[in-house]
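Shown next, in structure tokens, is the structure this report addresses.
What follows draws every value from the coordinates through simple rules; no lab data is involved. In this text, all values refer to a predicted model and were calculated from it rather than measured experimentally. Cβ: placed from backbone, ideal geometry, glycine included. Neighbour counts: every protein chain shown.
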């Protein structure tokens, strides 16, 4: 049972996860509409599998016949719990773009064909700006498309690939060509782990842009600790990409090492791709003035004029979740540990004899 749950839910969880039965209980206990919808989506996946197999030949035909893309691709990435879903939702609701919806997760072998056939019957519920760990609560809501990225980057989401094989590169190009041929719009998609693999994708899609979220380290560390508890039921199990070389027995130290590691990943990707195509977007800055980020994307990436009325579906600002509630001691511990780790990393290494 646990093995079956792990295989099914892997399509919907952004990292390797511990205790799928416990995760199911925690999702139910949360009562969050998006969490409950994610469970229904996971349960419906096996029921849709036979039709997914039947549609796959038509999907392959769409890949083979699609002309080359003409429009850019915008890819949102960054550490988990850094605001990537919020930015994605803002882009989708205010710009003329295509995106991966939850129907895509039900038909991982034939996402374009399934959308061509069934998207007209999906209720266009207002998307809003709510989610539960990146999950939305209706079929037309945004989806990370993890099962699609698994095709090209591998199914082990905790170990990004060092390179892409020619077959993976070709498959990626054909898929994005076909998606544009179907939608007729530039695509906006999200994959947090691209802050470790962006340079590989940038080589395959030379006209794509990356929006990489950053967040105040101490609050990112706290959010990752909470994610470990919510998803794994324990703080010593990592959530998202973690620093290589084993983990610390102290969850506070471990998550602080993870935050520093994720920072370094983003900087390395920007150095490889360049700041024009790989933009670092502050979560706090985006929350203060979201229209500025959307204006950048519209004008500099999509080459579209900003509407005279601005972005009517965008609030003037969002309230960042960087608040100290009753965990002042935890925040102080995280800040102290981050300082110690940075100081240790800045010390010159002793050379050998």
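What's the exposure ranking of 39, 301, going from fewest to most Cβ atoms within 10 Å?
Values: 39 17, 301 22.
Fewest to most other Cβ atoms nearby, the residues stand as 39, 301.
Based on the inverse mean of 1/r over its pairs of different Cα atoms, what is the Kirkwood hydrodynamic radius of the chain, in Å?
On the way: mean 1/r = 0.0472 Å⁻¹.
Computed over the chain, the radius equals 21.2 Å.
Whole number please: convex hull volume per residue of the Cα set in segment 29-141, in Å³? Don't jump to the answer; show the numbers that get you there.
On the way: hull volume 14.5 nm³, N = 113.
It comes to 128 Å³ per residue, whole-number rounded.
Subtract the Cα-Cα distance of residue 345 and residue 216 from 0.36 nm times their separation in residues, and report this length gain in nm to one decimal. It would help to have the intermediate numbers written out before the result.
Numbers: separation 129, 0.36 × 129 = 46.44 nm, distance 1.90 nm.
Length difference between fully extended and current span is 44.5 nm.
By its C-alpha gyration tensor, with a ≥ b ≥ c as the square roots of the eigenvalues, how is segment 212-257 shaped: rounded for a/c under 1.5, else prolate for a/b larger than b/c, else oblate?
Details: a/c = 1.60, a/b = 1.21, b/c = 1.33.
Here segment 212-257 falls in the oblate category.
Assuming R0 = 51 Å, what is the FRET efficiency of residue 268 and residue 51, from their Cβ-Cβ distance, to the nearest 0.05? Working shown, then result.
Working: r = 42 Å, r/R0 = 0.82.
With a Förster radius of 51 Å, E is 0.75.
Fewest first, what order do 336, 328 take by the number of other Cβ atoms within 10 Å?
Numbers: 336 13, 328 9.
With the sparsest Cβ surroundings first, the list reads 328, 336.
Just need the Rg to Rh number for segment 111-185, please, alpha carbons only, Kirkwood Rh. Display every interim value, and only then the final one.
On the way: Rg = 14.9 Å, Rh = 14.6 Å.
When Rh is taken as the Kirkwood radius, the ratio is 1.02.
What FRET efficiency comes out for residue 328 versus residue 299 if R0 is 35 angstrom and r is the Cβ-Cβ distance? Round to the nearest 0.05. If you can, show how the numbers build up before the last one.
On the way: r = 42 Å, r/R0 = 1.20.
Once rounded, the FRET efficiency stands at 0.25.
Classify segment 105-235 as rounded, prolate or oblate from the Cα gyration tensor: take a ≥ b ≥ c as the square roots of its eigenvalues, call it rounded if a/c is under 1.5, otherwise prolate when a/b beats b/c and oblate if not. The partial results should precede the final answer.
Details: a/c = 1.84, a/b = 1.17, b/c = 1.57.
It is oblate, given that a/c is not under 1.5 and a/b is not larger than b/c.
If r is the Cβ-Cβ distance from residue 288 to residue 261 and R0 is 45 Å, what FRET efficiency results, to the nearest 0.05?
Details: r = 27 Å, r/R0 = 0.60.
For residue 288 and residue 261, the calculated efficiency is 0.95.
Name all residues of segment 34-78 having a backbone nitrogen under 12 Å from the label point set 7 Å from the Cα of residue 130 along its Cα→Cβ direction, giving them as ranges.
34-37
Looking at segment 180-293 from every direction and averaging, what is the projected area of its Cα convex hull in nm²? All intermediate terms of the calculation are to be shown ahead of the outcome.
Numbers: hull surface 35.8 nm².
Average of the hull's projected areas for segment 180-293 equals 9.0 nm².
Could I have the simple spin-label model distance between residue 170 and residue 156, label points 7 Å from Cα toward Cβ, reported in nm to one decimal?
Going by the 7 Å Cα→Cβ label model, 2.5 nm.
What distance in nm separates the two pseudo spin-label positions at residue 121 and residue 306, each 7 Å out from Cα along the beta-carbon direction?
It is 4.2 nm.
What 222 nm value per residue comes from the helices of the chain, counting each DSSP H run with n ≥ 4 as -39,500 (n - 2.57) and dividing by all residues, nearest 500 deg cm²/dmol? Walk me through the numbers on the way to the answer.
Values: 14 runs with 179 residues, N = 353.
Computed ellipticity for the chain at 222 nm equals -16000 deg cm²/dmol.
Order these by the 10 Å Cβ neighbour count, fewest first: 175, 219, 118.
Working: 175 19, 219 22, 118 14.
So the residues, fewest neighbours to most, are 118, 175, 219.
At what distance in angstrom do the alpha carbon centres of segment 21-56 and segment 275-334 lie from each other?
30 Å
Take the alpha carbon gyration tensor of segment 247-353, find the square roots of its eigenvalues, order them as a ≥ b ≥ c, and report rounded if a/c is under 1.5; if not, report prolate when a/b exceeds b/c, else oblate.
Values: a/c = 4.09, a/b = 1.61, b/c = 2.55.
It is oblate, given that a/c is not under 1.5 and a/b is not larger than b/c.
What is the distance, in nm, between label points placed 7 Å from the Cα along the Cα-to-Cβ direction at residue 236 and at residue 250?
Each label point lies 7 Å from its Cα, and together they span 1.5 nm.
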